[in-house]
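I have placed the structure first, in the form of C-alpha cells, so that the comments after it can refer back to it.
The values are calculated or read from the model by the stated rules, or taken from the named source; none is laboratory data. This is a predicted model, so every value here is computed, not measured. Every residue, glycine among them, receives a Cβ derived from its backbone with ideal geometry; neighbour counts consider all protein chains shown.
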Amino acid sequence: MREGRNLEYFLDMSHKDIKVGDNVRFLNATGSGVVKAIRSGGIIEVEDETGFDIPVLASEIVVVTPGSGIVPKPEIPRRNTPQPTSASAPMAVAPEPEKQRPATPKVDRPTDPAHEVINAVLAYLPSNPEAVGDCDYEAYIVNDSNYDLYAHYMISDGGDWRVMFSGVVPFDSSTFIEAFPPSGLAARNRVKVQLLSFKSDAPFVAKPAYEANCRITGMRFFKTNAFVPNDYFDDGAIIFPLIEDDKPVQSKKIDAQRLEQEMMMPKTKGDTTPTKPKAKEPNQPRVIVEDLHIHELVDSTAGLDNKAMLDIQLEHVRKVMHRHRNEKKRRIVFIHGKGEGVLRKAVMDLIKKEYPKALMQDASFQEYGFGATEVIIY
C-alpha cells in the first residue's frame, strides 16, 4: 500500500512541469505532439502529428518547447492542391524558354524616281473636329519622298525661337510633332522648319539643307472650314507646304518688283484721280507698307470663304494699328486693291471706330499705284 502511494506521488510530481499546449516528444516511440489535456493519475493526452489524441504517461514524454498554456485549435487538414508561388517561399518551377518576339517586317525603301525629289508639308489638325476652337491642335510633318528627313521644328511669337521637336521623319510617312491648346497659337505666330535629307540604308544624292518659314494666322484655327480635305490625312487639315520638288516654300512677302510694275501701269477708265502727295515733314517717321491681298497673308485660301478672308485681312489691320498706336505721325499705307471697294470700306470703318483721331486719305498713286489707303496716326 505504501508502495502504491509512492508511485502515485511520483506520477503526480512528474507532470507538474507539463502544461497544456507544450510541444512534447515521445520517449518510447518516434514522433511528437502537443499536450491537449492533463488527466488524473499522471495521464497526459497528446495530439500527435497525424491529428490523433494519444493518452500517455507523463514519464513517457519530454517537453521540447514550452507552450502558452492555451489549448491549441485543431489544425484543419488542407487540400493537397498546388499553392501559388510567393516571394517568401518560391516554388521550384522549371524556367520557361524565353519567348522570341516576332521580328518587325522591314519596309523596303521606295525607288520610284518621281519621289527622289523632296516634298514635305507641315499639317495642323484639330484633336476633335467637332470642337474646333475648344480642342487641342496636333502638328505633323509629312515626308512625301524616298529620303529620310532630320527635322528641327521651331516656334516664335516674334522674339526668340524655341525648338519644339528635333528628330527623324522617315521616308514616305508622317510624324507627330506636338500638341497645343488654342491659347498656344499666339506663341506660334511664326514657325521655322529646318530639314536635312539622307538615306540611312542606301546610297543617295546629297541635297542641301532646307529651311522653310510659315506665318500662322490664329484666326484660321477657329474656323471649321479652314481644315480642308487633303492627300495625307482622313480628317481635314491646315496644310503649309515646306518643300516642293526640292525647293523650300517661304511665306509670301510683298513683291517689290511686282508693286513697281503695277505703279507704272497706265491709268484705266474708271480710276479716280489720286490726291497730290503732301510734302514730307522734317524727321517724319518712315512709311510702313502693308499689303492686304489675301495671298500675302495666308499660304492657302483653300476652305476660306469671302467672309473668312475679310476677317483675316481686318485682323491684320488691327494688329498693325495696335503695334504702332503710340507712334505719332506714323504713316501706314494699306494696299487693298481696287476691286469692288468692300475691303477699302471695311478698313476705313475699322480705323474710324477704333482710332477716331487717325487721318485717312488715298495713298500716292506715283508711289503705291491704285487701291491703297494711307493712315496717319495721331
task: Assess whether residue 295 counts as being part of a helix (DSSP H, G or I) and surrounded by fewer than 15 Cβ atoms within 10 Å (Cβ to Cβ).
output: yes
statement: Inside segment 208-244, the number of residues satisfying the requirement of being in contact with a helix residue (DSSP H, G or I) (Cβ under 8 Å, 6 or more places away or on another chain) and in a loop (DSSP other than H, G, I, E, B) is 6
- prompt: Out of segment 186-207, which residues are part of a loop (DSSP other than H, G, I, E, B) and closer than 19 Å to residue 121 by Cβ?
  reply: 207
task: Could you list, in sequence order, all residues of segment 208-246 that are over 25 Å from residue 131 (Cα atoms) and touching a Lys or Arg at 6+ places or on another chain (Cβ under 6 Å)?
output: 213
task: Determine if segment 151-167 includes at least one residue that is in contact with a strand residue (DSSP E or B) (Cβ under 8 Å, 6 or more places away or on another chain), within 25 Å of residue 219 (Cα to Cα), among the charged types (D, E, K, R) and outside any strand (DSSP E or B).
output: yes
message: Kindly evaluate residue 297 against the criterion of being touching a helix residue (DSSP H, G or I) at 6+ places or on another chain (Cβ under 6 Å), hydrophobic (A, V, I, L, M, F, W, C) and not assigned by TED's automatic domain parsing to the domain that holds residue 227.
response: yes
message: Looking at segment 350-367 only, could you name the residues that are aliphatic (A, V, I, L, M) and in a loop (DSSP other than H, G, I, E, B)?
response: 358, 363
task: Name the one entry in 226, 202, 179 that is at pLDDT below 90 and surrounded by fewer than 14 Cβ atoms within 10 Å (Cβ to Cβ).
output: 202
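If we scan segment 345-364, do we find a residue that is of a type outside the set (Asp, Glu), in contact with a Pro (Cβ under 7 Å, 6 or more places away or on another chain) and at pLDDT below 90?
So far as segment 345-364 goes, yes, one or more of its residues are of a type outside the set (Asp, Glu), in contact with a Pro (Cβ under 7 Å, 6 or more places away or on another chain) and at pLDDT below 90.
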statement: Of the residues in segment 324-336, those that are under 43 Å from the mean Cα position of the chain (by Cα), surrounded by fewer than 17 Cβ atoms within 10 Å (Cβ to Cβ) and either not assigned by TED's automatic domain parsing to the domain that holds residue 367 or not polar (S, T, N, Q) (or both) come to 324, 325, 327
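State yes or no: is residue 126 closer than 27 Å to residue 297 by Cβ, crowded, with 17+ Cβ neighbours inside 10 Å and at pLDDT 90 or above?
It is true that residue 126 is closer than 27 Å to residue 297 by Cβ, crowded, with 17+ Cβ neighbours inside 10 Å and at pLDDT 90 or above.
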